[in-house]
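FYI, it's all coordinate maths here, none of it is from the lab. Everything numeric here is computed off the predicted structure, so don't read it as measured data. Neighbour counts are summed over all protein chains in view; Cβ atoms, including those assigned to glycine, are modelled from backbone coordinates with ideal geometry.
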Amino acid sequence: MVKTDDRIRSSRRPKGGRHLVGATALFLGAYAPFVAALFFGALSPTAAVAQQRGEIGIALGERPELVEVEDLDGNKVSLVDYLGGRPALVEFWAIWCELCEALHPQMVDVHARYGDRVGFVALAVAVAQSQRSVRRHLEDTPAEFPTLWDDGGRAVRAFLAPGTSYIVVLDAEGRVTYTGSGANQDIEAAVLTGLGSGD
């Protein structure tokens, strides 16, 4: 406590006001890519078409831009190098995502059966995790397919990703054949949409 002008003031921060503003700024800073994707994505014509069809995120038949992201060492890489020219599955993923964790055994199984014909990529979102924490997680729980870092949310915006556990399947021409979210997705059926057959 500090005495000034015969009044006693607490040197502790008052609850509410300024603390709430600081917490809100921290929250929005950490979640800016998702907030931007949801806000701007929800206003796009592509999102409107997808919502009319009952789809999640980017509309079926669309060709998302294969943007530049980073590997887990911070090197710039293009999604074209990982997804271009053949069917592909992209998962928007985080170490804290329980739905992603629930999908993991299915992802590993389907990758083992179709990985020679379909590119698999996990895109780690830059929300409440770091490249370093993702690397540490993968040391304990390795993935059989590449995990890339979506610094700045460029891929989130390109694919209109509504959150983690969001999966997009592309055919060989880069057109979206499947979108889904949550732990109850049938990953094999999703991959087969990109292959264009019931193999």
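Between Leu123 and residues 5 or more places away or on another chain, which pairs have amide H atoms under 5 Å apart, with H built 1.01 Å from N, and which residues are they? For Leu123, whose amide H was placed from the backbone, the distant partners under 5 Å are Glu91, Phe92, Trp93, Leu148.
Inter-label distance, Ala112 to Glu139: 2.6 nm, where each label sits 7 Å from its Cα along the C-beta direction. The local environment of Leu72, defined by Cβ-Cβ distances under 13 Å, has a net charge of -2 under the rule Lys, Arg +1 and Asp, Glu -1. Per-residue Cβ neighbour counts within 10 Å put Ser181, Ser133 in the sequence Ser133, Ser181, beginning with the fewest. Using the Cβ-Cβ distance between Ser130 and Glu173 with R0 set to 30 Å, the FRET efficiency works out to roughly 0.30. A DSSP coil position with no more than 15 other Cβ atoms inside 10 Å describes the following GluC sites (Glu not before Pro) in region 144-193: Glu144, Glu173. Going by neighbour counts of Cβ atoms within 10 Å, the residues Tyr178, Tyr82, Tyr166 line up, fewest first, as Tyr82, Tyr178, Tyr166. The residues packed around Ile95, meaning those with a beta-carbon under 14 Å from its beta-carbon, carry a net charge of -3 if Lys and Arg are +1 and Asp and Glu are -1. Within the shell defined by Cβ-Cβ distances under 11 Å, the residues around Asp151 carry a net charge of -2, with Lys and Arg each +1 and Asp and Glu each -1.
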